[in-house]
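Before any comments, here is the structure.
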Amino acid sequence: MTASLVSMTDLEPPRRIVANLTPNWFASVMGTGIVAVAAVSLPEQFPGLHTAATAVWAVAAALLIVLTGVTARQWSRNARGYLDDPVMAHFYGAVPMAILTVGAGTLLLGRDVIGPRAAVDADWTLWLIGTVLGLACATAIPYLMFTRHEIQPDSVFGGWLMPIVPPMVSAATGALLVPYAPAGQVRLSLLLCCYAMFGVSLFASMIVITLLWYRLAINKVGPARMVPTLWIVLGPLGQSVTAANQLGGVAHQTMPAPYADGLQVFGVVFGVPVWGFAVLWGVLATAITVRIAREHLPFSLTWWSFTFPVGTCVTGTSALALHTGATMFRIAAAVLYVGLVLAWIVVAVRTVHGAVRGDLLRTPNPVARAIGSRTAAHRPGAHCVAA
């Protein structure tokens with residue numbers, strides 16, 4: 001009885017709880033949606049997989065609607081604070097990626113629920129919204145880093161990739177819409193814009209990954225809470241392989257020879273070496289995570305970093321399996337997907353448990369510093385950084 005009374009008195013008013021829903025909560029939509037989208041891409045399908053993936057897509061779509069509706073008003077008041085935070089600002093990138101992932105799932109799986117025409121229209125809408133927001137994040141957040149945020153040499157962490165990866169997600173998901181675009185200049189422009197966004201994200205990600213490697217070598221791993229964000233590196237790697245192959249696969253619908261064949265070849269020539277580096281990074285991230293977990297790895301929204309990045313590796317591996325016919329990639333895609341599903345189950349259960357208990361929704365105590373960034377105090381929600 002006493003414990004119950006204490007728990008009830010510790011509960012925050014609903015408005016306070018809602019105010020603590022920060023941009024990184026949209027990582028749960030990303031991580032859930034990619035489980036559904038990756039299932040469709042698998043070379044090996046089995047009975048019940050499509051139905052299960054459709055159910056997971058529905059959950060992701062519902063999460064997106066709820067989070068968007070609940071946080072819209074609060075963000076209008078808190079947006080400036082989050083943007084000024086040198087850690088939390090990066091996780092605005094989770095919003096467009098969540099929208100784009102649900103949009104892709106709508107086209108691939110939602111057609112069975114709402115019909116083909118409605119699915120295409122919904123994906124066009126979500127893709128346009130997500131792309132505009134993603135390009136805004138890819139521009140605005142680096143601008144704030146360059147002009148306003150106070151950053152230390154050891155401040156680099158995986159979250160720096162969050163605002164620059166959305167254009168790559170737009171490129172990969174935009175490939176799904178190429179066949180539905182009007183033939184001629186509109187379809188050609190869509191394909192070329194997707195390749196341009198591929199370049200925007202690819203080169204920016206290469207810079208950040210290089211800085212992160214340097215920071216790990218010089219300053220080592222850092223706080224245990226931030227270790228899961230190392231997995232975010234797999235996001236741009238896997239998504240770039242996916243985008244290159246999916247765009248190459250539809251290039252023939254609008255590009256003349258020899259460019260169409262060249263772009264399809266590029267998907268494999270680019271994808272296989274990047275896939276190899278993704279395997280290397282995955283091994284390193286796994287070893288570091290296991291090492292830290294043996295000591296203590298506290299649960300927070302950073303654990304969603306174990307889902308979406310791995311999911312992009314599944315879709316990238318599946319694309320390589322399709323374009324090369326290699327059994328190695330078929331097996332690797334299945335193994336990665338099993339790992340993705342297991343990770344998603346664990347993280348989803350822990351998130352629901354933390355949300356019900358209120359641990360992930362309480363007003364955080366101010367923190368003077370975060371991974372080396374000088375800031376007087378974190379803005380609301382900065383304690384539960386996620387990817």
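The table below lists the values:
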| read-out | value |
| --- | --- |
| Hey, Pro163 touching a residue at least 12 places away in the same chain (Cβ under 8 Å) and in a helix (DSSP H, G or I) or not | no |
| Segment 245-262 - residue that is free of Cβ contacts under 8 Å to residues at least 60 places away in the same chain and of a type in the set (A, V, I, L, M, F, W, C) and, of those, surrounded by the most Cβ atoms within 10 Å (Cβ to Cβ) | Ala260 |
| Tally of residues being out of contact with any His (no Cβ under 8 Å at 6 or more places or on another chain), surrounded by fewer than 24 Cβ atoms within 10 Å (Cβ to Cβ) and closer than 22 Å to Pro166 by Cβ across segment 27-49 | 1 |
| Any hit, segment 56-70, residues being farther than 19 Å from Ala122 by Cβ and part of a helix (DSSP H, G or I) | yes |
| Residue check for Asp85: surrounded by 18 or more Cβ atoms within 10 Å (Cβ to Cβ), touching a Ser or Thr at 6+ places or on another chain (Cβ under 6 Å), farther than 24 Å from Val338 by Cβ and acidic (Asp, Glu) | no |
| Some residue of segment 189-201 being surrounded by fewer than 23 Cβ atoms within 10 Å (Cβ to Cβ), among the small types (Gly, Ala, Ser) and within 23 Å of the chain's Cα centre (by Cα) | yes |
| From Ala376, Ala326, residue being modelled with pLDDT under 85, surrounded by fewer than 24 Cβ atoms within 10 Å (Cβ to Cβ) and hydrophobic (A, V, I, L, M, F, W, C) | Ala376 |
| Test: Arg294 is in a helix (DSSP H, G or I), surrounded by 12 or more Cβ atoms within 10 Å (Cβ to Cβ) and among the charged types (D, E, K, R) | no |
| Residue among Thr289, Thr312, Thr302 that is at pLDDT below 95 and assigned to a helix (DSSP H, G or I) | Thr302 |
| Filter result for Leu190 (closer than 22 Å to Val37 by Cα, modelled with pLDDT of 95 or more and not β-branched (Val, Ile, Thr)) | yes |
| Positions within segment 22-51 being among the small types (Gly, Ala, Ser), assigned to a helix (DSSP H, G or I) and farther than 26 Å from His353 by Cβ, in sequence order | Ser41 |
| Test: residue in segment 217-239 that is part of a helix (DSSP H, G or I) and without any contact (Cβ under 8 Å) to a residue 40 or more places away in the chain | yes |
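The values are calculated or read from the model by the stated rules, or taken from the named source; none is laboratory data. What you are looking at is a predicted structure, and each value in this text was computed from that prediction instead of being measured. Using ideal geometry, Cβ is built from the backbone for each residue, glycine included, and neighbour counts are taken over all protein chains shown.
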